[in-house]
Every structure is written in C-alpha cells, then in structure tokens.
2 protein chains.
Amino acid sequence: MNERGFGQAVKEFRERLKISQEELSFRAGLHRTYVSQLERGLKSPSLRTVQQIADAFHVDILKLLQRAERRSK
Amino acid sequence: MNERGFGQAVKEFRERLKISQEELSFRAGLHRTYVSQLERGLKSPSLRTVQQIADAFHVDILKLLQRAERRSK
C-alpha cells in the first residue's frame, strides 16, 4: 500500500458521497489542507487518522483500506 | 481499529515467526524502542510503517490489518 493509492481511495469515497474536502475534514476532525495533501498522496496517515476518515464516511475501516490497497497496484 | 489492537496483532505475528523485537525492527528498518511502543499500543503507526512491518513478516498488509481490526474489538 502506498500514499497515492490511499489518497485515491479517499477521493473516490468522498466523491461517491458527494461531499467536499471541507465537509470531509469537518466530519473527520482534520485540517482541510491535510485532507487535500492526503488525497494527493503527499502524506502517509496514521491508523488513527485512517479510522477518523472511515468514520466520517460511515464505512468499515477495512473497506477503505482494501480500496487503498487495490489503488496502490 | 485502535493502537492496542494493532500492537497485539504485531506481537502475535512476530511470536508466530519466533523472531525478537530486535529482529523485527532490523527487518522493518524501525527503532527497537518504537517497535516495543507499537506492540504495547502506545503509538499509532503511519500506513507506511504498517507496510514496512507487513513486509518484514512477508505477509499481505491487509492480513495484518484484518487481525489488528479483530483485536481492536
């Protein structure tokens, strides 16, 4: 798994839910600039941050991580 | 998923392989004290670190994360 694949997965889940980066950052308790960096694959999030994002999507963390792994190939 | 569950999963995989924390830290390119803190649930690793640990175990990252999620319940 790599940063690029994780970022792509986040972007896909977010766009599927039709919410902005700002809304995601609000829901997850993260800075909007950090969410932007994550989606662009510029940061490697901690597991705690991954959990916060999964919660913001109301999705199982493993589902988000499986998508991230597929997108990392 | 939480730090405690991830730490427990790492410890279980490591003990199954019969390797020391020192050997794991060497293989993963991490400090031994950091590996110790991870196993005790004191740190939330980045996805990059999780990947390094999975590689050190020669196991799929999703397998390690699935175990971590089960141990977090």
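The values are calculated or read from the model by the stated rules, or taken from the named source; none is laboratory data. Bear in mind that the values here come from a model prediction, so they are computed numbers and not experimental data. Neighbour counts are summed over all protein chains in view; Cβ atoms, including those assigned to glycine, are modelled from backbone coordinates with ideal geometry. Note: accessible area is taken over every heavy atom of the protein model, side chains too, but ligands, DNA and RNA are not part of it. Shrake-Rupley method; radii C 1.70, N 1.55, O 1.52, S 1.80 Å.
With the condition kept exactly as written, say whether any residue in segment A:27-40 is under 23 Å from B:Ile61 (Cβ atoms) and within 11 Å of chain B (Cβ to nearest Cβ). Yes, that holds for at least one residue. Going through (1) small (Gly, Ala, Ser); (2) closer than 18 Å to A:Ser46 by Cα; (3) open to solvent by 20 Å² or more (accessible area, probe 1.4 Å) one by one, B:Ala68 falls short only on (3). Looking only at residues that are assigned to a helix (DSSP H, G or I) and surrounded by fewer than 16 Cβ atoms within 10 Å (Cβ to Cβ) in segment A:1-26, which one is nearest to the other protein chains (Cβ to nearest Cβ)? Looking at residues that are assigned to a helix (DSSP H, G or I) and surrounded by fewer than 16 Cβ atoms within 10 Å (Cβ to Cβ), I get A:Arg4.
Scanning segment A:36-50 for residues that are within 19 Å of B:Glu69 (Cβ to Cβ) and of a type in the set (Val, Ile, Thr) turns up at least one hit. Within segment A:25-64, the set of residues being in contact with an Asp or Glu (Cβ under 9 Å, 6 or more places away or on another chain) and of a type in the set (A, V, I, L, M) comprises A:Ala28, A:Val35, A:Leu38, A:Leu42, A:Leu47, A:Ala54, A:Ala56, A:Ile61, A:Leu62. Only residues that are outside any loop (DSSP other than H, G, I, E, B), open to solvent by 70 Å² or more (accessible area, probe 1.4 Å) and more than 14 Å from chain B (Cβ to nearest Cβ) were counted in segment A:41-58, giving 0. If I go through segment A:59-73 residue by residue, how many of them are closer than 19 Å to B:Lys73 by Cα and more than 10 Å from every other protein chain (Cβ to nearest Cβ)? The qualifying residues number 3.
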